[in-house]
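Notes for the one structure printed next.
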Amino acid sequence: MKNTYCCPKCNNSEIAIIESGAFKGNLYNTVSFGLSTIYLTKYICTDCGYSENYVDDVKDLKKIKDKYIKPGQGSDFV
Ligand SMILES: [Zn+2]
């Protein structure tokens, strides 16, 4: 959905992209842990209402990885 701009449920191509952040008007679409607040970008199908959230900042993904992925987790699949 993020990359295709097409709804996976109904194939509508009119996807609303709502960025979050203190100056972007959507302050509360976040994941928080400790002192970190990570803003999510929401993609909403304007036809059926299906929505997805993405962490768009690579630095934030690194923080989540450091916090939530245990050493060795996922290594079975490499
Ligand atoms: Zn849809």
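The values are calculated or read from the model by the stated rules, or taken from the named source; none is laboratory data. No experiment lies behind these values; they were computed from the predicted model shown. Note that each Cβ is placed from the backbone with ideal geometry, even for glycine, and that neighbours are counted across all protein chains shown. Only protein heavy atoms, including side chains, enter the accessible area calculation; ligands, DNA and RNA are left aside. Shrake-Rupley method; radii C 1.70, N 1.55, O 1.52, S 1.80 Å.
Quick one: angle between helix 58-68 and the longest Cα principal axis of the chain, in degrees between 0 and 90, rounded to 10, please. Between helix and principal axis, roughly 50 degrees. Taking all protein chains into account, the per residue accessible area for the stretch 15-69 stands at 69 Å² (1.4 Å probe). Given labels modelled 7 Å from the Cα in the Cβ direction, how far is it in nm from Asn29 to Lys62? Label at Asn29, label at Lys62, 2.5 nm between them. Close lysine pairs were tallied over the chain: pairs 8 or more places apart or on different chains with Cα atoms under 22 Å apart number 17.
Is it possible to state the helix-based mean residue ellipticity at 222 nm for the chain, with each DSSP H run of 4+ residues giving -39500 (n - 2.57), the sum divided by total residues, to the nearest 500 deg cm²/dmol? What is it?
-4500 deg cm²/dmol, from helical runs alone.
Taking a ≥ b ≥ c as the square roots of the eigenvalues of the Cα gyration tensor, an a/c ratio of 1.5 or more together with a/b no larger than b/c marks the chain as oblate.
Note the per residue figure in Å³ for the convex hull of the C-alpha positions in the stretch 12-51.
61 Å³
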